[in-house]
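Here's the structure we're looking at; comments come further down.
We did not get these values from a lab; they are worked out from the coordinates using the rules stated. Just so we're clear, the structure is a prediction, and the values are computed from it rather than from any experiment. Note that each Cβ is placed from the backbone with ideal geometry, even for glycine, and that neighbours are counted across all protein chains shown.
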Amino acid sequence: MKAYGVVLLLLLIHSPLFLHEFSTTAVAISFDNEDDKQGLLAFKGNFDNASPVFSSWNESSHYCMWRGVYCCSRNLQRVCTLELPSSGLVGSISPYIGNLSYLRRIDLSDNKLYGIIPSSISHLYRLQNINLTNNFLSGTIPENLDNCSQLVNLSLSNNQFYGKLPSWLGSFRKLEFLNLGVNSFTGNIPLSITNLSSLHEFYVANNDLSGSIPSGLGQISQIQIINLGENDFSGVIPESIFNLTYISNLGLHMNNFRGHLPRDIGTHLSNLQQLLLHTNQLTGEIPASLSNASFIQRFDLSTNKFSGTIPVDLGKLCPKFFSVGSNKLEAKVTGDWNFLNYLTNCSYLETLELSDNKLGSSFPRAITNLTSQLKFLDLQKNYLLGEIPSGIENLIGLNAFSVAGNRLTSIIPVGIGKLQNLQAFYLGTSNISGSIPFSISNLTKLTVFSAWSNHLSGSIPSNLGNLTQLTDLDLYDNALTGMLPKSMFDMKALSIELDLSYNFLSGTIPKEIGMFINLGKLSLSRNNLSGEIPKELGSCQLLTFLALDANSFQGPIPSFLSNLKGLKLLNLSSNNFSSAIPEELGLLNDLQELYLQENNLSGHIPLDIENLKNLYMLDISYNNIEGSVPEKGVFSNMIGLMLVGNNKLCGGIPELHLPECVVHGDKKKHSPMLLKLVIPIASIIFLLALISLALLILKWKKALTRNNNRNSLLQDGLPKVSYGELAKATESFSTSNLIGAGMYSRVYKGDILFNGEGNSNKKVHTVAIKVFDLQQLGS
């Protein structure tokens with residue numbers, strides 16, 4: 001019975017299923033490796049222990065049982081795989097990872113690792129797969145990493161690595177996947193890269209690489225994906241690249257490549273699914289042979305200098321994404337649009353982007369026959385003529401539609417209201433006329449409606465408030481009339497802008513304006529609006545741009561504008577605002593531009609405005625402002641300060657050439673608020689002085705009536721006093737006894753001894769002594 005048990009155990013050991021189970025469970029009973037264990041514990045020690053991923057990393061279980069640790073099937077006590085992607089790890093990679101000498105696979109992607117890759121990783125010569133994508137690792141690729149000659153996958157993308165790509169990258173003869181994208185690598189692609197004969201995918205996009213593409217890259221016959229986009233490569237694209245039979249994804253976008261595309265470019269690209277050549281300096285015509293790439297799903301040649309017409313056969317490609325915008329392509333006659341006839345058979349087309357070319361002739365009606373799956377249609381900045389065809393309503397899947405910047409002679413089709421998936425509608429500068437149709441209120445998913453600089457007339461539809469998702473409404477520079485409909489203010493999602501400037505709108509701003517609590521830009525300039533600014537506008541506290549200029553608003557500039565703390569531009573010019581500039585404007589610390597010219601403003605310039613550190617433009621010209629001009633902040637900037645047309649201003653910096661303020665000492669620096677305090681106080685003091693003088697005179701008169709009128713010292717009812725006695729009583733007419741002064745005389749107080757009836761009845765009386773200045777005419 002014992003022998004049978006031994007034989008059964010041997011059979012189980014050689015069973016693959018047993019080996020797998022044994023590697024993760026039974027090994028805890030019999031095997032251990034101190035190097036691997038200590039290496040793992042040191043690895044753990046470099047991270048935040050609070051991470052739940054390490055909850056199983058303790059002595060109660062064997063390390064082969066720890067989460068993310070997988071031991072080898074042959075060497076049961078050795079770690080072959082360390083796999084902890086998206087585990088919330090925060091920390092650096094311990095150098096002791098070099099202890100895991102049997103490691104074949106390490107995946108620490110999508111964590112928050114920082115620091116460098118330890119050089120000890122080059123000791124792991126069995127490594128086949130390194131994935132450190134999406135972390136914050138930095139430094140250069142470790143030297144001697146070429147010791148890991150068994151590497152099949154090296155993924156270091158989305159980190160902060162820098163330096164040049166090492167030439168020894170070409171020594172990985174087994175490498176199939178190399179991803180170094182989204183880092184800060186510089187220099188050229190090393191020529192040795194062409195030695196990677198097993199390479200299938202090569203990504204170095206979004207770095208700072210430069211130079212030309214090694215022509216030998218086109219000799220790696222098995223390669224399927226090349227992505228070199230968003231770098232600074234230049235020169236001509238090697239023709240050998242376009243001979244790669246297995247290539248499915250070619251991304252050379254956002255570089256400085258120049259030259260023509262080979263005429264037979266499409267001959268060998270039968271497996272191509274994605275061609276990204278946009279944002280380069282490519283010239284010449286688009287080769288018709290590209291129509292052979294029949295599996296292509298994304299075709300983007302935009303933002304180059306391609307010229308000529310769009311090849312008719314190119315419409316046979318039938319991709320999901322088709323973009324040739326921002327080139328020099330032409331369509332002079334209707335036949336130049338025939339490529340659209342093929343695209344009408346493409347049921348998968350989602351994006352058609354033809355903007356910013358020289359595509360003219362009449363608006364192609366074939367567009368209305370495109371698939372209802374089309375989501376994005378961009379025809380802006382071309383030379384299109386005629387009307388927007390009514391059949392555009394068939395494209396019910398449209399999310400975005402732009403014909404801005406054309407030469408149409410059209411109205412907005414009433415059927416536009418059927419495009420109920422439309423989110424962005426651009427008509428700016430396209431010569432559109434007529435009124436805004438009421439049906440536009442059916443576009444309840446619309447977030448952007450831009451129809452600026454057209455010839456739209458009539459009133460703003462009263463049901464426009466149905467567009468509750470709208471964030472951007474731009475109707476600038478049209479011929480709209482009527483009042484602002486109150487229902488418009490139901491569009492509470494408006495956050496980017498509301499621009500109704502340069503129209504003929506009239507009436508007042510409704511108090512419902514306060515509903516736009518998320519609005520960033522409000523422009524009602526150059527209309528016929530009137531009345532006062534409603535206090536509810538102070539609730540729009542996210543405004544950064546407020547322009548109400550060139551209307552007929554009146555009343556004082558409201559102080560509640562100081563609630564708009566984020567305001568960068570305030571334009572109230574060319575209105576009928578009166579009174580003083582509110583001091584509260586000095587609280588707008590983010591303000592950069594302030595325009596108050598051409599109003600009826602008066603009073604002084606608030607001193608606090610000079611403390612607005614971000615203010616670089618101030619125009620208060622052509623008002624009735626007076627007093628001293630501050631000298632700091634914007635007032636020290638001759639370029640950004642306009643004061644002309646205020647004839648009572650004085651002071652300021654010398655370059656303003658204003659008259660000096662007629663004020664002594666530091667009084668010219670006193671604010672109007674200080675004057676409001678000083679004047680009443682001075683008036684009270686003067687009144688008290690008059691009362692005191694009156695009381696003194698009254699007391700003196702009473703004293704005289706009590707004296708004997710026959711007193712030898714009296715004559716005609718008045719006392720006779722010598723000059724010497726007057727001088728003694730007033731301490732030589734000292735200013736300390738002065739109680740009043742006028743143009744012709746001064747009044748002093750003094751104490752004089754008068755005799756009563758009998759020499760023993762002497763009394764001291766305080767009297768007022770008036771001294772005339774006989775040198776003054778009229779005294």
- Can you find, among LEU561, SER636, ASN611, the residue farthest towards the positive end of the dipole of the stretch 508-664? Put +1 on the C-beta of Lys and Arg, -1 on that of Asp and Glu. LEU561
- Query: Along the Cα-to-C-beta direction of THR444, a point sits 7 Å from the Cα; which residues of the stretch 394-431 have their amide N less than 15 Å from that point?
  - Reply: 417-423
- Query: Which value, in debye to the nearest 20, gives the size of the charge dipole of the stretch 372-487 about its Cα centre, when Lys and Arg are +1 and Asp and Glu are -1 at the Cβ?
  - Reply: 140
- Cβ density ranking, 10 Å radius, fewest first, applied to ARG74, ARG298 yields ARG74, ARG298
- Assign one of three labels to the stretch 508-664, namely rounded, prolate or oblate, based on the Cα gyration tensor with a ≥ b ≥ c the square roots of its eigenvalues; rounded applies when a/c is under 1.5, prolate when it is not and a/b is larger than b/c, and oblate otherwise. prolate
- Message: Under the rule a/c < 1.5 gives rounded, and otherwise a/b versus b/c splits prolate from oblate, where does the stretch 422-538 land using the Cα gyration tensor?
- Response: oblate
- Message: I need THR371, THR766 ordered by Cβ neighbour count within 10 Å, fewest first.
- Response: THR766, THR371
- Message: Students often get this wrong, so check it: of LYS568/LYS632; LYS305/LYS358; LYS565/LYS613; LYS521/LYS565; LYS381/LYS521, which have C-alpha atoms separated by over 22 Å?
- Response: LYS381/LYS521
- Item | Prolate/oblate/rounded call for the stretch 184-246, Cα gyration tensor, a/c under 1.5 rounded | prolate
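About the Cα centre of the stretch 531-624, what is the dipole size in debye to 20, counting +1 per Lys and Arg Cβ and -1 per Asp and Glu Cβ, all else neutral?
Numbers: 4 positive and 11 negative charges, 32 e Å.
Taking the Cα centre of the stretch 531-624 as origin, the dipole is about 160 debye.
Anything over 20 Å Cα to Cα? Flag those among LYS112/LYS164; LYS492/LYS535; LYS44/LYS112, in the order listed.
In this structure, LYS112/LYS164 exceed 20 Å between Cα atoms.
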- What ranking do 609-616, 420-427 get when scored by the average of other Cβ atoms within 10 Å per residue, highest first? 420-427, 609-616
- Task: Mind checking the stretch 117-171 for chymotrypsin sites (Phe, Trp or Tyr not before Pro) that DSSP puts in a loop (not H, G, I, E or B) and that have at most 14 other Cβ atoms within 10 Å?
- Result: TYR125
- Message: Defining a contact as two alpha carbons under 8 Å apart and six or more residues distant in sequence, what relative contact order in percent does the stretch 508-664 show?
- Response: 14
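Taking the number of other C-beta atoms within 10 Å as the exposure measure, put THR344, THR409, THR447 in order starting with the fewest.
Ascending Cβ contact count within 10 Å gives the list THR409, THR344, THR447.
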